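Q: Below you will find the structure I want to go over with you.
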Amino acid sequence: MHMFVLSRGWRRGSLSYAVGAAPVVTYLISRVRGRELEHGDGVLAGYHLSGGALVGGLTRRFPLASGFFLSLDSRLSATYVRVPVAGGHASVPNFALHLHAGIGFQPSRAAQPENDAP
């Protein structure tokens, strides 16, 4: 299952927020009751546009030292796909919580000179 998420994010204080949506593309390899799905259909040799997803996220940065920071990120995703199987279709809902942690670096910004034009 592949999701191509487009999202919008914004920052308020030390928190960053994001919301987005995505189409879900699947490549199916299935055997149901001993019957295999034929790969002749679909787009691009077996890929299917099978559903969609909604995502939301919250990120917090914690400063460490000399421009380094710890980033903690949580995301929720809700996905629904309907995929073909031999002799019919299967509906697959999915709700997931994703937790990420990382170390980042943001160099300090130099002071911008003021414009002294009259």
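Q: Extension gain residue 12-residue 91, at 0.36 nm per residue separation less the Cα-Cα distance, in nm?
A: This chain segment gains 24.6 nm when fully extended.
Q: Here's another thing I want to ask about it. Tally Lys and Arg at +1 and Asp and Glu at -1 over the other residues with C-beta under 12 Å from the C-beta of residue 15: what net charge comes out?
A: Net of charged neighbours comes to +3.
Rule-based calculations on the coordinates, nothing more; no lab input. Everything numeric here is computed off the predicted structure, so don't read it as measured data. Note that each Cβ is placed from the backbone with ideal geometry, even for glycine, and that neighbours are counted across all protein chains shown.
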